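Structure first, commentary second.
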Amino acid sequence: MEKSNLTLEDKELLSLLQEGDKRAFSAIFHKYYKPLCDYAYQFVSFEDVEEIVQDIMLWLWQNHDTLIIRTSLHSYLYKAVHLRCLTRIEQNMAKQRMENRYMKRVGKEQYLLPEDYQTEELINRIRHAIDRLPDKFREAFVMHRFQDRSYKEIAEKLNVSPKTVDYRIQQALKLLREDLKEYFPV
């Protein structure tokens, strides 16, 4: 082969590819890989794009000796990408339907990831720690942190000074930090 494959027309590249010419395959790959990825990205997620295009290129090389293309190489490759994208969309939809059915069948509580269990455990520990606070500390703390009341509003409701409210909340925080110290970094 005297000329560079990159300057050959698709018809010539295809002919050389069918004869097993690796340089022709390389030229086709370099010419079409990125444009085919860009085209596929219109239909499927980024994670699927390269896999689809690489599969098509691999299939092209593995079947070069039996390859029969009745249209242009350009049309053939784009049609192949389009069909693979449609297949991937169907697969993803089927997977989503199965996951939805599974979620309905077993219930969301039973379908927790490990980090969900850790978060749930921490929330339960916090609730129990708040429940163990002395009544006056817990009352001021809950009103401030969970009911978004100001120290002044809490003081009026409890008939105490804002300084007393501040003390109770600070003491509640101190007790909570001690009770939950295993969950906090040093």
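The values are calculated or read from the model by the stated rules, or taken from the named source; none is laboratory data. Quick caveat, the model's predicted, so the values are computed rather than measured. Cβ: placed from backbone, ideal geometry, glycine included. Neighbour counts: every protein chain shown. Just so you know, the surface numbers come from the protein's heavy atoms only, side chains and all, with ligands and any DNA or RNA stripped out. Shrake-Rupley method; radii C 1.70, N 1.55, O 1.52, S 1.80 Å.
Once you sort the root eigenvalues of the Cα gyration tensor of the stretch 117-160 as a ≥ b ≥ c, which label holds: rounded (a/c under 1.5), prolate (a/b larger than b/c) or oblate (the other case)? Oblate, since a/c reaches 1.5 and b/c is not below a/b. Scattering from the chain was approximated by placing one identical point on each alpha carbon and applying the Debye formula without solvent; log10 I(q)/I(0) at 0.13, 0.20 1/Å stands at -0.80, -1.23.
Distance between the modelled labels on Leu173 and Glu99, one decimal in nanometres: 4.0 nm (7 Å Cα→Cβ projection).
Local charge for Asp55 was computed over the other residues whose Cβ lies under 11 Å away, with Lys and Arg +1 and Asp and Glu -1, and equals -1.
For Tyr102, the solvent-accessible surface computed with a 1.4 Å probe is close to 90 Å², ligands and nucleic acids excluded. Going through the cross-link list Lys136/Lys174; Lys34/Lys95; Lys157/Lys181; Lys34/Lys79, which pairs have a Cα-Cα distance over 21 Å in this structure? Over 21 Å apart, Cα to Cα: Lys34/Lys95; Lys157/Lys181.
With +1 on each Lys and Arg Cβ and -1 on each Asp and Glu Cβ, how big is the dipole of the stretch 49-105 about its Cα centre, in debye rounded to the nearest 20? That gives the stretch 49-105 a dipole magnitude of about 480 debye.
For the stretch 1-98, the residue among Gln42, Gln96, Leu17 whose Cα projects farthest onto the positive side of the dipole built from Cβ charges is Gln96.
Lys174 sits with roughly 120 Å² accessible to a 1.4 Å probe, with DNA, RNA and ligands left out of the calculation. Only the Cβ atoms of Lys and Arg (+1) and of Asp and Glu (-1) were treated as charged; on that basis the dipole of the chain about its Cα centre amounts to roughly 860 debye. Distance between the 7 Å Cα→Cβ label points at Lys181 and Trp59: 6.3 nm.
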